[in-house]
Amino acid sequence: MQRRTHKGRGVSLIELTVAMALGSTVAGMALPSWTAAAQKGRRADAHQLAQQIEAAQSAHYLQHRRYADALGLLQPYGVRAVSPRGHYEARLQSGDAQGYRLTIQALSSSPQSHDGTCASFHLVSTRGHLVHGAQAASGFDTQRECWPQ
């Protein structure tokens with residue numbers, strides 16, 4: 001009579017635990033990189049809003065010989081205070097015959113509100129010269145990291 005031996009066909013508890021630990025480690029390393037890449041991609045929403053406002057301000061200036069000092073004045077040109085994908089909100093601090101100052105910040109309801117590198121975007125237009133700026137949540141200048149070159 002032959003004796004039959006059954007080889008284990010399943011996964012042992014130790015093997016399962018090791019696999020879960022390895023998977024968790026890999027996920028833990030990948031998540032911050034993925035989050036940073038997603039935030040960087042969503043910054044394009046702020047850039048698009050800035051471009052819309054720049055174009056509308058130029059059109060407004062041609063008609064009125066001064067820049068708008070409120071976003072409501074740019075509505076006839078299709079401008080809204082909130083960015084196209086809903087991550088950012090724009091505010092005009094000033095606008096006159098010489099130029100304007102615009103700030104774009106992430107909405108608190110958006111995942112971009114956790115973007116510490118590009119907490120706010122700024123545009124300053126003075127006598128036709130446009131300067132882009134950005135600030136980190138810590139207050140440091142992050143223009144190079146936040147605006148496309």
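The values are calculated or read from the model by the stated rules, or taken from the named source; none is laboratory data. Because the structure is a prediction, the values reported are computed rather than measured. FYI the Cβ positions are ideal-geometry reconstructions off the backbone, even for glycines, and counts take in every protein chain you see.
Miscellaneous remarks
- Single condition Leu31 does not satisfy, out of (1) among the aliphatic types (A, V, I, L, M); (2) exposed (fewer than 14 other Cβ atoms within 10 Å of the Cβ); (3) modelled with pLDDT of 95 or more: (3)
- Applying the criterion of being within 13 Å of the chain's Cα centre (by Cα) and closer than 21 Å to Tyr100 by Cα to the residues of segment 119-141, the residue that is surrounded by the most Cβ atoms within 10 Å (Cβ to Cβ) is Phe121.
- Counting only residues that are among the aromatic types (Phe, Trp, Tyr) and either farther than 17 Å from Leu49 by Cβ or assigned to a strand (DSSP E or B) (or both), segment 130-149 holds 1 of them.
- A single entry from Gln63, Gln75 fulfils the requirement of being surrounded by fewer than 12 Cβ atoms within 10 Å (Cβ to Cβ) and over 19 Å from Gln143 (Cα atoms): Gln63.
- Qualifying residue in segment 79-101 (condition: of a type in the set (Lys, Arg) and closer than 16 Å to Gln39 by Cα): yes
- Qualifying residue in segment 70-77 (condition: closer than 18 Å to Trp147 by Cα and within 25 Å of the chain's Cα centre (by Cα)): no
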